[in-house]
Amino acid sequence: MKETKRIPFDLERAKNGARVITREGFDVEIISYNSGDSKYPIVGKIDEGRKDEVHHLWQKDGTSAPFEYNNEDREDYDLFLVVEVEEALQKFNDAYAYVSNMIISLLQEDGKRITSDIKNLGRSVEQAAMLMHMLKQSIRAYSEVGDTEELIQLKETILDKENKRKKNLI
């Protein structure tokens, strides 16, 4: 049996067949992603191991609708996804490889110009240090949360900074 990890709910991944569970770990079978209720469009059945079915509503972000009888346990029914650890680790490895390649590319690119403009080396080293810091943040984010959204944000930040850097060199 493969090791799994619980990650925050992602509507698109759920629509594509990812396993959906509640915060308490009960399996959820999604019946509809568009129930007509604008606030709680997701409808599903919760498998609590009882004979009777438990139907419930959620927001698009997986937040549970309130209960008529008890609103205190509402968070227990928030939605999460279950992914194989290998899948989460692959996304992390992809981000790690991307950042590593960016660092190498920056150093090689600026290393070629060192004879004509010594200032580029300082900027290159500064950018490499920034990328290493971001890489450490991504490692920490994965180890603490395992949330691939933070890795995607990291990649977007790196791309923005790289585009700005290229504009400054032109």
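Counting only pairs 8 or more places apart or on different chains, how many lysine pairs in the stretch 4-84 have C-alpha atoms closer than 22 Å?
Step by step, the pairs that qualify in the stretch 4-84 add up to 8.
Taking amide hydrogens as modeled 1.01 Å from N in the peptide plane, which residues meet the under 5 Å criterion relative to residue 9, leaving out close sequence neighbours?
Residues meeting the amide H criterion: 81.
Roughly what percent of Cα-Cα pairs across the stretch 4-84 reach past 15 Å?
Everything past 15 Å amounts to 52 percent.
Where a number appears in this text, it was derived from the coordinates with a stated rule and is not lab data. On a predicted model such as this, the values are computed, not experimentally measured, just so you know.
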